[in-house]
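Student: Take this structure first; my questions come after.
Values in this text are rule-based calculations from the coordinates and carry no lab data. This is a predicted model, so every value here is computed, not measured. Note that each Cβ is placed from the backbone with ideal geometry, even for glycine, and that neighbours are counted across all protein chains shown.
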Amino acid sequence: MLDVEGISAAYGRIQALSNVSLKVSAGSIVALLGGNGAGKTTTLNTISRLVPLTAGSIRFEGQPLNRLQSHHVVKAGISQVPEGREVFRDMSVRENLDMGAYGRSDPAGVRSDLDRVFGYFPVLRDRLKQKAGTLSGGEQQMLLIARALMARPRLLLLDEPSLGLSPVLVQKIFDIIARLHADGLSILLVEQNAAVALAASQYAYILENGEIVLEGASDELRQNEAIKRTYLGS
Ligand SMILES: Nc1ncnc2c1ncn2[C@@H]1O[C@H](COP(=O)(O)OP(=O)(O)OP(=O)(O)O)[C@@H](O)[C@H]1O
Ligand SMILES: [Mg+2]
């Protein structure tokens with residue numbers, strides 16, 4: 001479904017990604033793990049065309065994304081959930097969700113997607129008029145995912161959904177991720193929390209200093225001694 005081949009990206013003289021290759025097959029959850037500054041967000045931003053490539057190629061369902069603008073990537077079926085609770089703080093929950101559907105010209109489809117999204121996140125229906133900036137951290141994370149779903153993606157790019165949440169809320173968010181996956185969504189999941197990400201995914205890549213240093217089936221990586229030491233704290 002998604003084929004990233006040998007991509008590099010830089011911010012001025014800082015090389016952020018070097019020769020990164022990864023695949024997401026249709027219907028799977030693939031995890032991209034690594035510490036602070038490893039290049040995880042940059043990888044998602046290159047796929048979404050928010051950061052330019054200096055080498056390599058990205059294909060989605062066979063189509064090259066390299067020359068598309070970011071809103072065309074969304075149209076092609078890829079939505080990114082940004083890290084760090086980037087809701088539109090001064091807008092209501094409803095307005096945030098409408099922003100996610102921006103550019104769609106099928107009002108009936110948008111209404112039914114809104115209902116579908118409330119099925120995953122019932123709390124958002126009760127808070128439609130509330131300013132997004134006044135939601136709790138967990139609710140903001142839910143709103144971010146809900147907003148991305150309003151574009152009706154086939155591939156979701158999720159950037160650190162567990163960031164700053166209590167263990168109970170992390171579990172709640174990952175239960176919803178599992179439901180989205182069961183309902184057919186493919187997901188590229190960026191996480192620092194390797195334990196939850198390896199449990200939730202089928203395949204995983206480890207990024208260090210902008211390079212993929214290890215990849216494999218998530219079940220196998222959970223047993224890997226180096227991974228246990230470095231990322232699972234045992
Ligand atoms: N806009 C930018 N300008 C300059 N350098 C940047 C920019 N964004 C990221 N970088 C640098 O690129 C490298 C990779 O950053 P990136 O945000 O992709 O890491 P990350 O793996 O997502 O980290 P974190 O887990 O902390 O979110 C870092 O060294 C970072 O300082
Ligand atoms: Mg990041």
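Student: Once every Cα of the chain carries one equal point scatterer and solvent is ignored, give the base-10 log of I(q)/I(0) from the Debye formula at q = 0.10, 0.15, 0.17 Å⁻¹, two decimals.
Tutor: Reported log10 I(q)/I(0), two decimals: -0.45, -1.02, -1.29.
Student: Considering only the chain, what is the antiparallel percent among its DSSP beta bridges, to the nearest 5?
Tutor: If I count the DSSP bridges inside the chain, around 55 percent turn out antiparallel.
Student: For the chain, the longest stretch holding no chymotrypsin sites (Phe, Trp or Tyr not before Pro) located in a DSSP loop with at most 16 other Cβ atoms within 10 Å is which?
Tutor: Within the chain, the longest run free of exposed chymotrypsin sites (Phe, Trp or Tyr not before Pro) spans 103-234.
Student: Taking the Cα centre of the chain as origin, work out the dipole magnitude from +1 charges on Lys and Arg Cβ and -1 charges on Asp and Glu Cβ, in debye rounded to 20.
Tutor: 580
Student: Give, rounded to the nearest 20 debye, the magnitude of the charge dipole that region 43-101 has about its Cα centre when Lys and Arg contribute +1 at Cβ and Asp and Glu contribute -1 at Cβ.
Tutor: 200
Student: While we're on this one: In deg cm²/dmol, rounded to 500, what helix-only [θ] at 222 nm does the chain give when every DSSP H run of at least 4 residues adds -39500 (n - 2.57) and the total is split over its residues?
Tutor: -11000 deg cm²/dmol
Student: Using 0.36 nm per residue of separation minus the Cα-Cα distance, give me the extension gain between Ala26 and Arg229 in nm, one decimal.
Tutor: Gain in length upon complete extension: 70.0 nm.
Student: Lysines near Lys40 by alpha-carbon distance under 19 Å, same-chain residues fewer than 8 away left out - which ones?
Tutor: Excluding near neighbours in sequence, the set is Lys23.
Student: Taking a spot 7 Å from the Cα of Asn209 along the direction of its beta carbon, which residues of region 23-40 have an amide N less than 16 Å from it?
Tutor: So the set is 34-40.
Student: Moving on to the next point. If you take the square roots of the eigenvalues of the alpha-carbon gyration tensor of region 100-228 and sort them as a ≥ b ≥ c, do you get rounded (a/c under 1.5), prolate (a/b over b/c) or oblate?
Tutor: The shape class here is prolate.
Student: Between region 92-123 and region 1-78, what's the alpha-carbon centroid distance in Å?
Tutor: Centre-to-centre (Cα) distance: 26 Å.
Student: Subtracting the Cα-Cα distance from 0.36 nm times the residue separation, let me have the gained length for Gln15 to Asn36 in nm, one decimal.
Tutor: Taking 0.36 nm per residue and subtracting the Cα distance, the gain is 6.1 nm.
Student: Explain nothing, just the number: relative contact order of the chain, from Cα pairs under 8 Å at least 6 residues apart, as a whole percent.
Tutor: 28 percent.
Student: Once both labels are modelled 7 Å past Cα along the beta-carbon direction, what's the Gln192-Val123 spacing in nm?
Tutor: Simple spin-label model gives 2.2 nm for this pair.
Student: Just the ratio, please: alpha-carbon radius of gyration of region 154-213 over 2.2 N^0.38 Å, N its number of residues.
Tutor: Its radius of gyration relative to the 2.2 N^0.38 Å reference: 1.13.
Student: Shifting gears a bit: Computed over the Cα atoms of region 119-179, what is the convex hull's projected area averaged over all directions, in nm²?
Tutor: Its Cα hull, projected and averaged over all orientations, spans 4.4 nm².
Student: Could you give the C-alpha radius of gyration of region 93-145 expressed as a fraction of 2.2 N^0.38 Å, taking N as the number of residues it contains?
Tutor: For region 93-145, the normalised Cα radius of gyration comes out at 1.09.
Student: Sorted from largest to smallest, which semi-axis lengths in Å does the alpha carbon gyration tensor of region 53-107 give for its equivalent ellipsoid, taking the root of 5 times each eigenvalue?
Tutor: 27, 15, 8
Student: Identify the trypsin sites (Lys or Arg not before Pro) of region 1-48 meeting these criteria: DSSP loop state and at most 11 other C-beta atoms within 10 Å of the C-beta.
Tutor: Arg13
Student: Divide the volume of the convex hull of the Cα atoms of region 1-48 by its number of residues and quote the answer in cubic angstrom per residue.
Tutor: 71
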